[in-house]
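Read-outs: derived from the displayed coordinates by stated rules, not from any lab. It should be emphasised that the depicted structure is a prediction, and the values quoted were computed from it without experimental measurement. Here the Cβ is made from the backbone with ideal geometry for all residues, glycine too, and neighbour counts use every protein chain on show.
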Amino acid sequence: MAKGTRPATLLPSAPRGRPAPRTINSTVFPIVAIGASAGGLGACAQFLDALPKETGMSFILVQHLDPTHDSLMVDLLATHTSMAVRQATEGMLVERDHLVVIPPGRFLSVKGGALHLASPPNHAGGPRGARMPFDVLLHSLAEDCGARTVCVVLSGTGTDGSMGLRSIHRQSGIVIAQDPEEAAYDGMPRSAIATGLVNHVLPVAKMADVIVHRQRRQVVPAPLNRSTKEDVGTRLGEIIALLASRTSYDFTPYKPGTLQRRIERRMAMADVGHDDAGRYLSVLQRDPSELELLAKDLLINVTSFFRDPKVFDFLAERLLPDLVRDHAPDRPIRLWVPACSSGEEAYSLAMIFEEAIGAAKRDVRLQVFASDLDPDAVACAREALYPETIRADVSQERLARFFVKEEHGYRVLPSLRSSVVVTVQDVLGDPPFSRIDLVSCRNLMIYLGAE
C-alpha cells in the first residue's frame, strides 16, 4: 500500500433504501393517475374519448391550475366520458369507473382507498416550481395501490411526475408518457422519459388500448399462488442462461425473488399470462427485442440524490474529516461507485467530499469512478442533466454551488463533473479500480444474493 493511503472504506448497501415491490390491497382495481399542465386539457379529453364505457378502473387527474380562479375542468371533461366526473374532496373514496379531478392549489394523496387533500408547502408565497402535486399523488399511490397503479404523463411544462414515477416503477406499476412530438408542451413527457423508467411512449389516442388490455389480461393479479411462483422459478435458470448467452448481462448473482418479480412484470407487458413462464421463455428465444427489454428491466435503474440522508450526514460528520485531513497531498482521493445507475449517488458523494476538502482547506484533488452495466444509464450519468424535482433532495446551497439551471432541469457544473469518471463496467466480471479510498455499494449489494 502506497504511503499516505489507507484501506478503502466499503460503504455497504442501505437495506431499507428501496423496498421490494409489493401489492397493497387498499383497492382491488387499478388506479390510473394522469398528470398534465399546459396543453393537458386537450390531451386528457382525447384520452377519455378513447376509453370504453366501462373499464373497471379508477382515474385521478392532476392538472396544474391557477389556484386563484374557479375551474371548469369537471364540466369540460364530463362531455368526453360516460364516467362520473367529480372534483376531489377530503375523505372521498376511490371508486371504479369514476374520474376525480384535483382542486386548484391543493395536493392530493390516496391512503386506505380514500382521497386526502393538503395545502402545498409555502402555499402563500413559495416558488411555483417547488409545487409538484403529481409527484405527491404518485408517491402515495405507490404505497397504497402498489403495482395496480398506472401513471400517465401528458402535455405540460416542467418536470412534475418525474420523481413520483420512480416510486411507481419501484412497485412494478406501469408508466406511460405522451409522445413528445405530439404533445403541445413536451417538458413533462420528456422529463419522464429521461428517467429511463417509462414503459410506453405513445400518442394519446393509443394509450387507452394499452391500459385496458393490461386490465383485461389481469396484468397485476392477486398475490401469486405457490404453483405460479414455482413455475417461474423452474424456468428462472433457463432465462438467466439465455440472457447470459445472448446479451452482455449475467444475472446469476442476483436475488431470485427480485428476478422473479421483474420477469413476471415483463411477462405481463409482453402479453404472456403470469402463469406461463415456459411460453415466455419461447418468446425470449425468438424475439431479441423482448430479451433486451427484459435485461433492461432487470437492471433496476432507480436512484436519487442523497438517498437516505442520514448515511451522507454520517459520512460528512464522522468519516470524511479524518480521511481528508490525513490524505497524502500528492495523490487524489479516489472513490468508486459501482452500479451507479444515472449518477445521482456518485455526484452526491462528490459534493460532500468537495465540501469536506474546502472545510479542511486542503489542496487535494478528488477523483470519482462511477460505473454501471447499463450503457443507457451511463449515458444519463455522463450527460449529468437532472429534472427540476431534484430540488426535493438537493439543498438550495448545493444547487447554487454545484449545478447550473437549464431549460429542462439542472446540469452538474463542469467543476464537479470533471472529477467524476463515468464508464460501462461489469463489476462482477471486469477488473476493479485500484487504490480506492472509499467504495459505495449501496445501489449494488441490495440486489445480490448472499453468495
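Working ranking of peptides 146-156, 429-439 by packing, defined as the average number of other Cβ atoms within 10 Å per residue, highest first, is 146-156, 429-439. Subtracting the Cα-Cα distance of Gln285 and Leu399 from 0.36 nm times their residue separation leaves 36.4 nm of extension gain. When peptides 169-177, 278-286 are sorted by average Cβ neighbour count within 10 Å, with the highest value leading, the order is 169-177, 278-286. Note on His213 and Leu72: their simple-model spin labels are 3.7 nm apart, each label 7 Å out from Cα toward Cβ.
The packing ranking of peptides 46-59, 259-272, 84-97, highest mean first, is 259-272, 46-59, 84-97, where packing means the average number of other beta carbon atoms within 10 angstrom of each residue. Taking label positions 7 Å along the Cα-Cβ direction at both Asp330 and Asp363, the computed distance is 1.5 nm, reported to one decimal.
Between Arg246 and Leu117, the contour length at 0.36 nm per residue exceeds the Cα-Cα span by 41.5 nm. Under the convention that each Lys and Arg Cβ holds +1 and each Asp and Glu Cβ holds -1, the size of the dipole of region 226-299 around its Cα centre is about 200 debye. Summarising the amide proton neighbourhood of His98: residues at separation of 5 or more, or on other chains, whose placed amide H is nearer than 5 Å comprise Phe59. Anisotropy class assigned to region 226-299 is oblate, per the alpha carbon gyration tensor with a/c at or over the 1.5 cut-off and a/b no larger than b/c.
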